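Peer 1: Below are the structure tokens for one structure; questions will follow.
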Amino acid sequence: REVREAREHIETVLERINGLIENTIEVLVQATTREELEADVVSVLAAASPYTFAWIGQPDVASETLSPRAWAGKAAVPAADLSFDLTGDGPVATAYREETPQVVHSVSDSVAGAGTVDGVAAGIVVPLVYTDTTYGVVTVLADEPGAFDEREQVVLGALGRAIANAINAVERGRILDADRVIELEFSVDDSGLLFSRLSRAANCTLTSAGTDYRADGTLQLYLTGEGVDGEELVELARQDE
């Protein structure tokens, strides 16, 4: 009987997780704007038992805070009034800075507002990271204290990466389709900058010809040099300390 009950429990869990993944991926594929994507994602998450609420937050770089942008669920979470200090040591700030999911066993004002919230016994904050960019966090709340075990953390961590990937695709598409472009020009007069040293040593002008994000997360920068031989410039770069 115990074996049969354990098997039935596993089958139920797998069915729920598969359904959650399928529904989330469908939303990510069909969304055309970031607002639509975020609203649909939290709706899908909040509808999956034992989850009772979900919200997605985006950072404000100027104020170093993070606030929910989209939320859904039956729990009475005052998402519109929440704001988290990204310089602090709470689970939201830690997940965002360290880019690792944070499980919350004592919810209260750490992810769901001040005091105890009915229908919320535990939570998890998952960073939305794509290559070297963090787009914010998605927070999922549940009415069961042990809802976010190792299995749930793996699944939600993977969904967080998928959401960030989709946000990146939407943002890139928005930029490509824009009919207006703002161009910023700025100067750096630090003579110790690598590009300044190379330009001075080769007596040439260096221009950025493009960038490429590599699979290992590093950035590859392409340069062109005016008034210098390419091999000479490469040799100067190799000799630079």
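The values are calculated or read from the model by the stated rules, or taken from the named source; none is laboratory data. Quick caveat: nothing in here was measured; it's all calculated off a predicted structure. For neighbour counting, all protein chains shown are included, and Cβ atoms are generated from backbone atoms with ideal geometry for every residue, glycine included. Areas reflect the complete protein model, heavy atoms only, side chains present, ligands, DNA and RNA absent. Shrake-Rupley method; radii C 1.70, N 1.55, O 1.52, S 1.80 Å.
Peer 1: Considering only DSSP states other than H, G, I, E and B, which trypsin sites (Lys or Arg not before Pro) in the stretch 1-57 qualify as loop sites with at most 11 other Cβ atoms within 10 Å? Write down the numbers at each step before the final one.
Peer 2: Numbers: sites: 1, 4, 7, 16, 34; in loops: 1.
Of the trypsin sites (Lys or Arg not before Pro), the ones in loops of the stretch 1-57 whose Cβ has at most 11 other Cβ atoms within 10 Å are 1.
Peer 1: Percent of accessible area on the chain owned by carbon and sulfur, 1.4 Å probe?
Peer 2: Values: 7180 of 14760 Å².
Exposed carbon and sulfur together represent 49 percent of the surface.
Peer 1: To continue, here is another question. Can you list the residues of the stretch 196-213 with backbone N under 19 Å from a point 7 Å past the Cα of residue 229, pointing along Cα to Cβ?
Peer 2: Residues passing the 19 Å test: 198-206.
Peer 1: Rounding to the nearest 20 debye, state how big the charge dipole of the stretch 26-142 is about its Cα centre with +1 on each Lys and Arg Cβ and -1 on each Asp and Glu Cβ. Each step should come with its number before you reach the end.
Peer 2: Numbers: 4 positive and 15 negative charges, 53 e Å.
The dipole of the stretch 26-142 has a size of about 260 debye.
Peer 1: Determine, for each peptide in 154-164, 123-133, 189-199, the mean count of other beta carbons within 10 angstrom over its residues, then list the peptides with the highest first. Don't skip to the end; give the middle numbers.
Peer 2: Details: 154-164: 18.7, 123-133: 21.5, 189-199: 12.2.
Order by mean packing, descending: 123-133, 154-164, 189-199.
Peer 1: With a probe of 1.4 Å, find how much accessible area the chain has per residue, and write the answer as a whole number in Å².
Peer 2: Details: 14760 Å² over 241 residues.
Accessible surface, normalised per residue, equals 61 Å².
Peer 1: Pick out which of 215, 54, 122 has the largest mean-square fluctuation in a Gaussian network model of the chain, springs linking Cα atoms closer than 10 Å.
Peer 2: Result: 215 has the largest fluctuation of those listed.
Peer 1: Next up: Which one of 22, 99, 226 has the biggest mean-square fluctuation once the chain is modelled by GNM with Cα springs under 10 Å?
Peer 2: 226
Peer 1: How high is the relative contact order of the chain, given as a whole-number percent (alpha carbon pairs under 8 Å, six or more residues apart)? The partial results should precede the final answer.
Peer 2: Details: 371 pairs, mean separation 32.1, N = 241.
Rounded, it is 13 percent for the chain.
Peer 1: Could you work out the Kirkwood radius for the chain, taking every pair of different alpha carbons, averaging 1/r and inverting it, reported in Å?
Peer 2: After inverting the pairwise mean of 1/r, the radius is 20.8 Å.
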